[in-house]
1. For segment 166-182, enumerate the residues that are in contact with a helix residue (DSSP H, G or I) (Cβ under 9 Å, 6 or more places away or on another chain) and assigned to a loop (DSSP other than H, G, I, E, B).
2. Just for segment 162-191: of the residues that are open to solvent by 60 Å² or more (accessible area, probe 1.4 Å) and of a type outside the set (Lys, Arg), which one is modelled with the lowest pLDDT?
3. If you check Arg246 against the conditions, is it open to solvent by 70 Å² or more (accessible area, probe 1.4 Å) and either in contact with a Lys or Arg (Cβ under 9 Å, 6 or more places away or on another chain) or in a helix (DSSP H, G or I) (or both)?
4. Would you pick out the residues in segment 184-210 that are small (Gly, Ala, Ser) and closer than 21 Å to Asp222 by Cβ?
5. Does segment 227-243 contain any residue that is among the aliphatic types (A, V, I, L, M), farther than 13 Å from Gly168 by Cβ and surrounded by fewer than 20 Cβ atoms within 10 Å (Cβ to Cβ)?
6. Could you grab me the full set of residues in segment 277-295 that are over 53 Å from the mean Cα position of the chain (by Cα) and over 18 Å from Ala306 (Cβ atoms)?
7. Report yes if some residue within segment 248-259 is closer than 22 Å to Thr174 by Cβ and at pLDDT below 90; otherwise report no.
8. Of all residues in segment 300-323, which are under 14 Å from Val165 (Cβ atoms) and open to solvent by 40 Å² or more (accessible area, probe 1.4 Å)?
Amino acid sequence: GSHEAERLRQQRQSKHKGLNQKSAPERRGRELKHAAFDAVTMHLFERTIMDFLKVSARAPRVILLTAVLAGLATASVIVLVFLETRRATQVGVLAEASMRELQLQLTNLNNQFQLSVAETDRLQEQLAAAETRAQNAADKAATAAATAAAQAGFCAPSDSVPCVVDVGGRDGTTARKYLAEGAKVAVVEAVPELAMGLAATHARYIVSDTLRVLPMAVGKDDSGEVVFYANKNTAWGSTDYKLGCRHEDGRSAEPGVDVDKALATRCRKYTVQSVTCHRLLQKLGSPTYLRVDVESENWVCLDSLAPLAGMQKLPKYISVAVANT
């Protein structure tokens, strides 16, 4: 076994030595080829340079032409650069001009907007002033109409509907009757509670000015106030204590006798505005129908109307309540 191993080792050494002996000549050949190629390349380069110099010596115009062409090419490049720069400058100038123009337009638009705002404010002020004038005119017209109506009276001759003045209207029974028939009614009632109740329950007629409620008492004059006695029986109210505070059986009250008791049990005392029937019709106008039911003041009312007889301003119809005594 040892002999075989030795033999194989010797074979490997012999093979490696042969390879080394073979590669050395090949390397040498390659180096010679490279050196020859370098020499040929250098020779060709030198020959090219020499040929160029010879041509240059024989043809200097070619070199000059080449230089001229090179100069022209350079000049062309410079001109192109100059033209491009000039074009860019012109574009910049145009852009700047456009920007100035746009800025001017924006300024003009802003000015127009400011003018529009100012014009709008001015128009609004004019509109407000016109509305104020219209409102003032409407108020004056309403005042004039009210004044004319007051001067013409509640019962105007030109009215197409009947007008009733109810002196001593009490709870409004008569007023409701004539209101339902389409007439205008003015009620004179001295008892505050009755007057306010009538106005409250007939507010729609008051709003339309077809009903007026006057909390007054008919008297001999209209220069001041008068004491009015309202009985528990609303039909028995009077400025006369004997009638206003009469007993339940109809007997007259005795002045100075049990007055406090009478006021506590049978009647109440009020101080109200006094008015004559003459003055009443001067304020309201001449009615179609005058109804009078104020106890002892009935004839006082009629007597005050005497001056109106010669003026033809008396009501067309007059009725007076007469007591059974």
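The values are calculated or read from the model by the stated rules, or taken from the named source; none is laboratory data. The model shown is predicted, which means the values in this text are computed figures rather than measured ones. Cβ placement follows ideal geometry from the backbone for every residue including glycine, while neighbour counts extend to all protein chains displayed. Heads up: the accessible areas ignore ligands, DNA and RNA and are worked out on the full protein's heavy atoms, side chains in. Shrake-Rupley method; radii C 1.70, N 1.55, O 1.52, S 1.80 Å.
1. Result: Gly168, Gly169, Arg170, Asp171, Gly172.
2. As a first pass, look at segment 162-191 and keep what is open to solvent by 60 Å² or more (accessible area, probe 1.4 Å): 162, 171, 173, 176-177, 180-181.
Right, trim to of a type outside the set (Lys, Arg) and you get 162, 171, 173, 180-181.
On the way: Pro162: 94, Asp171: 87, Thr173: 91, Ala180: 94, Glu181: 94.
Step by step, filter segment 162-191, then rank; the result is Asp171.
3. Values: open to solvent by 70 Å² or more (accessible area, probe 1.4 Å): no; either in contact with a Lys or Arg (Cβ under 9 Å, 6 or more places away or on another chain) or in a helix (DSSP H, G or I) (or both): yes.
Considered against the rule, which asks whether it is open to solvent by 70 Å² or more (accessible area, probe 1.4 Å) and either in contact with a Lys or Arg (Cβ under 9 Å, 6 or more places away or on another chain) or in a helix (DSSP H, G or I) (or both), Arg246 comes out as no.
4. Looking only at segment 184-210, we keep the residues that are small (Gly, Ala, Ser), and these are 186, 190, 195, 197, 199-200, 203, 208.
Matches in segment 184-210: Ala186, Ala190, Ala195.
5. Taking segment 227-243 as the starting set, the residues that turn out to be among the aliphatic types (A, V, I, L, M) are 227, 230, 235, 243.
Still in the list and also farther than 13 Å from Gly168 by Cβ: 227.
Restricting the remaining residues to those that are surrounded by fewer than 20 Cβ atoms within 10 Å (Cβ to Cβ) gives 227.
Yes, segment 227-243 contains a residue that is among the aliphatic types (A, V, I, L, M), farther than 13 Å from Gly168 by Cβ and surrounded by fewer than 20 Cβ atoms within 10 Å (Cβ to Cβ).
6. Selection gives Arg291, Asp293, Glu295.
7. No, that holds for no residue.
8. Within segment 300-323, Leu302, Lys313, Leu314, Lys316, Tyr317, Ile318, Val320 meet the criteria.
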